[in-house]
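Only one structure is covered here, and it is reproduced in the block below.
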Amino acid sequence: LFMKTLGLTPADMGLVNSCHSLTKLVSNVPDSALVNHVGRRAMLVGGTAVEAVAMAGMGMSNSMSEMMVCTALAGLGGTMLVNGAMMYLSDISTPKNRARTMAPFQMTAVLGLAVGPVLGGLIADQYGMHAPFFAVSGLQATSSVALAATCPETLTQKGAAAAQKS
């Protein structure tokens with residue numbers, strides 16, 4: 001609905017939406033290497049911050065090109081976040097508890113996909129079409145700050161553990 005207010009056609013909307021997935025596809029391998037270079041925490045905090053900026057940008061977008069750039073930026077942030085999170089969870093889990101450790105991450109993703117559109121629609125009804133983007137941006141910015149404050153880096157712990165085993 002927001003993209004319709006920008007005058008985008010259904011084909012335009014398809015291109016904008018594809019930017020997210022295409023960016024994730026292209027950035028996944030480089031981001032996977034980056035998570036081992038800069039660390040898990042940096043990718044978690046940075047990816048969430050990039051998504052916050054992207055969502056605010058979407059809320060301020062006035063054209064298809066602006067939406068495409070912001071959607072691509074959100075795809076990049078999402079890839080950073082997921083790669084950082086999966087490696088972080090892998091680092092802190094053992095083979096015996098790995099599935100149980102990773103399950104909550106997947107559950108929150110599914111919960112977001114199930115509840116997000118409903119909440120976004122309610123926010124849009126009350127505050128306008130731009131408001132859901134700013135609400136998500138604020139939540140992601142808060143998450144980025146919380147991650148920075150509470151999550152220790154696990155890359156060095158994994159390296160230390162590997163060194164002890166050898």
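The values are calculated or read from the model by the stated rules, or taken from the named source; none is laboratory data. What you see is a predicted model, and the numbers here were worked out from it, not measured in a lab. Glycine also receives a Cβ, built like all others from the backbone with ideal geometry; neighbour counts cover every protein chain displayed. Calculation scope for accessible area: heavy atoms of the full protein, side chains included, ligands and nucleic acids excluded. Shrake-Rupley method; radii C 1.70, N 1.55, O 1.52, S 1.80 Å.
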Quiz item: For region 1-74 and region 94-159, what is the separation of their Cα centres, given in Å?
Solution: 15
Practice problem: Run the accessible area of region 73-115 with a 1.4 Å probe and give the carbon-and-sulfur part as a rounded percent. | Solution: 75
Self-check item: Among Thr71, Val145, Met87 - extreme Cα towards positive end, dipole of the chain, charges at beta-carbon
Solution: Met87
Self-check item: Distance (nanometres) between label positions extended 7 Å along Cα→Cβ at Thr101 and Met13
Solution: 4.2
Self-check item: Accessible area in the full protein assembly, largest first, 1.4 Å probe, for Lys24, Lys4
Solution: Lys4, Lys24
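Roll a 1.4 Å probe over the protein chains and send me the accessible area per residue for the chain in Å².
Numbers: 9560 Å² over 166 residues.
Per residue, the chain has 58 Å² of solvent-accessible surface.
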Quiz item: With r defined as the distance between the Cβ atoms of Asn28 and Leu119 and R0 fixed at 30 Å, what FRET efficiency is calculated, to the nearest 0.05?
Solution: 0.60
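How high is the FRET efficiency between Leu139 and Thr94 when r is their beta carbon distance and R₀ equals 41 Å, given to the nearest 0.05?
So, using R0 = 41 Å, E works out to roughly 0.85.
When only DSSP loop residues count, what trypsin sites (Lys or Arg not before Pro) in region 96-144 have their Cβ near at most 10 other Cβ atoms within 10 Å? Intermediate results must be reported in sequence, preceding the final value.
Details: sites: Lys96, Arg98, Arg100; in loops: Lys96.
Those that pass, being in a loop and sparsely packed, are Lys96.
Quick check: with the 1.4 Å probe, what order do Ile92, Ile123 take by accessible area, largest first?
Ranked list, largest accessible area first: Ile92, Ile123.
Taking K and R as +1 and D and E as -1, what net charge do the other residues with C-beta under 14 Å from the C-beta of Ala148 add up to? Numbers along the way, then the final one.
Details: positive: Arg40, Arg41; negative: Glu153.
Surrounding charge for Ala148 is +1.
Percent relative contact order of the chain, based on C-alpha pairs within less than 8 angstrom and at least six residues apart?
Numbers: 184 pairs, mean separation 54.2, N = 166.
Relative CO of the chain lands at 33 percent.
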Practice problem: Extending each Cα 7 Å along its Cβ direction at Gln126 and Asn36, get the distance between those two points in nm, one decimal. | Solution: 4.6
Quiz item: Using modelled amide H (1.01 Å from N, peptide plane; none on Pro or chain starts), what sits under 5 Å from the amide H of Thr154, excluding residues fewer than 5 places away?
Solution: Arg40, Arg41
